[in-house]
Amino acid sequence: MARKLIIAANWKMNKGPAETADFIAAFLPSAQALAGECDIVIAPPFVSIPSASALLADSPVALSAQNASEQEKGAFTGEVSTAMLKETGVHHVILGHSERRSIYGEGDQLINAKVKKCLAAGLHPIFCIGETLEERESGKLQEVLRRQVSGGLAGLSNADMSTVVLAYEPVWAIGTGVTATPEQAQEAHAFVRTLVGEQFGKEVAEATRIQYGGSVKPSNSADLMAREDIDGALVGGASLEAESFRDLIANAVA
Ligand code: PEP
């Protein structure tokens, strides 16, 4: 099945509103041409979302948040609700990123609650999974991915899955400059697709887009995206400069 590529920029804690506006001004002209072949998503920090939303209106680039609360509203200091994100024009939400898992202690149950909260609000989760180096080296890759997929996507319907994007991000490749080889990535993606199939059936598995994340850059995006089960990328470092993000996408769709 032909799945349209989806490439997302995860800016993490980089770029306030002014830098966000500068990036969008530089990036948008090339985005118009590339968006026919690839869904393009930008995930700025919360405070830059309103400015990004205004600048991306009527453009083919979709806006994502990097997190969302599993709570509805109320006394949750520092949290941002799905309703607030919806109101500001957000379309996707990155959930379960390894930095949220390892630095902020988010576990599968909490991530699952966030996934469901986003779906209930009509937001599209970009649901991240991936193993640490220690887990890979001790032969636990499949066990970890199985736990993360079954836990994070528990209780979702097949219809829910049509709006969920998965991102396989080996933790040892995130921000390290070390990229999984296209073979390593393809093998993990094929396994993740099998897991989705076990949980939701073959048709859903075939339609689900699975991004690769971990030091994707202009020089390796084409090789990675050429693999059968790699349907896009979640990009940190190489998405911070408009030129680099543009080249990465252009090479991926070429
Ligand atoms: C990420 O933040 O999800 C990521 C993959 O970062 P980088 O591209 O910098 O490895």
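Structural remarks
- Of all residues in the stretch 1-23, those satisfying the criterion of being surrounded by fewer than 22 Cβ atoms within 10 Å (Cβ to Cβ) and outside any loop (DSSP other than H, G, I, E, B) are Leu5, Pro17, Ala18, Glu19, Ala21, Asp22.
- Just one of the listed residues (Ser30, Ser69, Ser51) is surrounded by fewer than 22 Cβ atoms within 10 Å (Cβ to Cβ), of a type in the set (Gly, Ala, Ser) and at pLDDT below 95, and it is Ser30.
- Criterion violated by Ala159 - all others in (1) within 24 Å of His91 (Cα to Cα); (2) in contact (Cβ under 8 Å) with a residue 12 or more places away in the chain satisfied: (2)
- Per the conditions (1) within 16 Å of the ligand (Cβ to nearest atom); (2) open to solvent by less than 20 Å² (accessible area, probe 1.4 Å); (3) touching a strand residue (DSSP E or B) at 6+ places or on another chain (Cβ under 8 Å), the sole criterion not satisfied by Ala242 is (3).
- Number of the exception - Glu106 against (1) within 16 Å of Gln71 (Cα to Cα); (2) in a loop (DSSP other than H, G, I, E, B); (3) away from the ligand (no atom under 16 Å from the Cβ): (3)
- Output for the stretch 117-152, where each listed residue is within 18 Å of Thr179 (Cα to Cα) and β-branched (Val, Ile, Thr): Ile129, Thr132
- Top-ranked residue of the stretch 88-135 - restricted to ones that are under 17 Å from Val41 (Cβ atoms) and touching a Cys at 6+ places or on another chain (Cβ under 9 Å), ranked as most open to solvent (accessible area, probe 1.4 Å): His124
- Matching residues in the stretch 160-189 - criterion: being open to solvent by less than 70 Å² (accessible area, probe 1.4 Å), away from the ligand (no atom under 16 Å from the Cβ) and part of a helix (DSSP H, G or I): Asp160, Met161, Gln186
The values are calculated or read from the model by the stated rules, or taken from the named source; none is laboratory data. None of these values were measured; they are calculated from a predicted model. Note that we place each Cβ from the backbone using ideal geometry, even for glycine, and neighbour counts take in every protein chain shown. Surface areas here come from the heavy atoms of the whole protein model, side chains and all, with no ligands, DNA or RNA. Shrake-Rupley method; radii C 1.70, N 1.55, O 1.52, S 1.80 Å.
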